[in-house]
Amino acid sequence: MSDELCPLCGRPLGTENIDRHHLVPKTFKGKEQFPIHKICHRKIHSAFTERELLNTYHTWEALRAHEDIRSFIAWVAKKPPGFYTRTYTANDKKRRR
Ligand SMILES: [Zn+2]
Ligand SMILES: [Zn+2]
């Protein structure tokens, strides 16, 4: 499965640090899950609330069109597939609304 691509950033998924994301949050009975980089997954959940995910960001297109996600994708594009850090999201609290 290593040639599968991440639906958020479009890079190969690789073999480590892979999570699954529910486009419709589990809290709202979402069942469909997609393999995604752990770091991309973390980014989604730090950028959006469950309510925002449910109401607006329940498609990959909507997620990728968001400004924060676009700059994240540009940043992560240069990293190896299994790359993961906790530090990147540290300043997310300052994000604009
Ligand atoms: Zn990714
Ligand atoms: Zn998720």
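The values are calculated or read from the model by the stated rules, or taken from the named source; none is laboratory data. Everything numeric here is computed off the predicted structure, so don't read it as measured data. Note that we place each Cβ from the backbone using ideal geometry, even for glycine, and neighbour counts take in every protein chain shown.
In the condition set (1) over 17 Å from Thr85 (Cα atoms); (2) within 14 Å of ligand 2 (Cβ to nearest atom); (3) surrounded by 13 or more Cβ atoms within 10 Å (Cβ to Cβ), Pro12 is compliant with all but (2).
Just the residues that are within 10 Å of ligand 2 (Cβ to nearest atom), modelled with pLDDT under 95 and in contact with an Asp or Glu (Cβ under 6 Å, 6 or more places away or on another chain), please, taken from segment 24-47. Answer for segment 24-47, where residues must be within 10 Å of ligand 2 (Cβ to nearest atom), modelled with pLDDT under 95 and in contact with an Asp or Glu (Cβ under 6 Å, 6 or more places away or on another chain): just Pro25.
Among the conditions (1) exposed (fewer than 15 other Cβ atoms within 10 Å of the Cβ); (2) in contact (Cβ under 8 Å) with a residue 40 or more places away in the chain, the only one that Ile69 does not satisfy is (1). Which ones in segment 15-29 are buried (at least 16 other Cβ atoms within 10 Å of the Cβ) and touching a helix residue (DSSP H, G or I) at 6+ places or on another chain (Cβ under 8 Å)? Listed by number, the residues that qualify are Asn17, Ile18, Asp19, His21, Leu23, Pro25.
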